[in-house]
Amino acid sequence: MTRAALWFQANFPGDVLYAVKANPAAWVIETLADAGMTTFDVASEPEIELVRELVPDATLAFMHPVKSRRAIENAYVNHGCRIFALDSLAELDKIMESTKGARDLTLVVRLAVDNSGAVLPLAGKFGASTFDAPGILAEARRKTDRLGVSFHVGSQCMDPNS
């Protein structure tokens, strides 16, 4: 696993985040951290707490696009999470209210994409439509200097073209 993590980091031109929900075993998280992967995609408060316990200096990205106000505030105030995903203006408002208008956030707008190649397609569940995304991105840009986009091709995606 260490060799694969090192190879991936060396050959992928972007930031590498490990999605904890894929396998939250402590040995996996610790092995990846030891190999230099220290940014984790967390989707729940238990995942945040697990990573914080195992890798105290990790960068946390709360990538579930729908979160409670309490979870956002806890992630921001108590765990130093500064990266949040969203797919609607309502979620953007929640994030801004729960962080008291913080200016140190990275906001990541999740886009809806065709994921018909997945065993469990998530189309229609999460992600901003091509109609809504420009407005959400524009409003998020007004809230932060650090803005990104993400997408999810679905779980157990069997089509490499996706």
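Identify, please: which residue in the stretch 109-135 is among the aliphatic types (A, V, I, L, M), at pLDDT below 90 and over 15 Å from Met63 (Cα atoms) and is, among those, farthest from the chain's Cα centre (by Cα)? Let's see the steps before the verdict.
Initial filter on the stretch 109-135 (among the aliphatic types (A, V, I, L, M)): 109, 111-113, 118-120, 122-123, 128, 133.
Pick out the ones that are also at pLDDT below 90 and you get 112-113, 118-120, 122-123, 128.
Subset that is over 15 Å from Met63 (Cα atoms): 113, 118-120, 123.
Working: Val113: 16, Ala118: 19, Val119: 21, Leu120: 19, Ala123: 17 Å.
In this case the residue turns out to be Val119.
If a residue has to be closer than 25 Å to Lys67 by Cα, at pLDDT below 90 and either more than 15 Å from the chain's Cα centre (by Cα) or open to solvent by 90 Å² or more (accessible area, probe 1.4 Å) (or both) to count, how many in the stretch 1-52 make the cut?
1
Of the numbered conditions (1) open to solvent by 80 Å² or more (accessible area, probe 1.4 Å); (2) among the hydrophobic types (A, V, I, L, M, F, W, C); (3) at pLDDT 95 or above, Ala138 fails exactly one; give the number of that condition.
Only one criterion is unmet by Ala138, namely (1).
Which count do you get for residues in the stretch 53-85 that are basic (Lys, Arg), buried (at least 18 other Cβ atoms within 10 Å of the Cβ) and touching a Ser or Thr at 6+ places or on another chain (Cβ under 8 Å)? Steps first, please.
Going residue by residue through the stretch 53-85, those that are basic (Lys, Arg) are 67, 69-70, 82.
Keeping just the survivors that are buried (at least 18 other Cβ atoms within 10 Å of the Cβ) gives 67, 82.
In the following step, the residues that additionally are touching a Ser or Thr at 6+ places or on another chain (Cβ under 8 Å) were identified as 82.
Of the residues in the stretch 53-85, 1 are basic (Lys, Arg), buried (at least 18 other Cβ atoms within 10 Å of the Cβ) and touching a Ser or Thr at 6+ places or on another chain (Cβ under 8 Å).
The values are calculated or read from the model by the stated rules, or taken from the named source; none is laboratory data. Every value quoted in this text rests on a predicted model; they were computed, and no experiment measured them. No Cβ is skipped: glycine too gets one built from the backbone with ideal geometry, and neighbour counts run over all protein chains shown. Note: accessible area is taken over every heavy atom of the protein model, side chains too, but ligands, DNA and RNA are not part of it. Shrake-Rupley method; radii C 1.70, N 1.55, O 1.52, S 1.80 Å.
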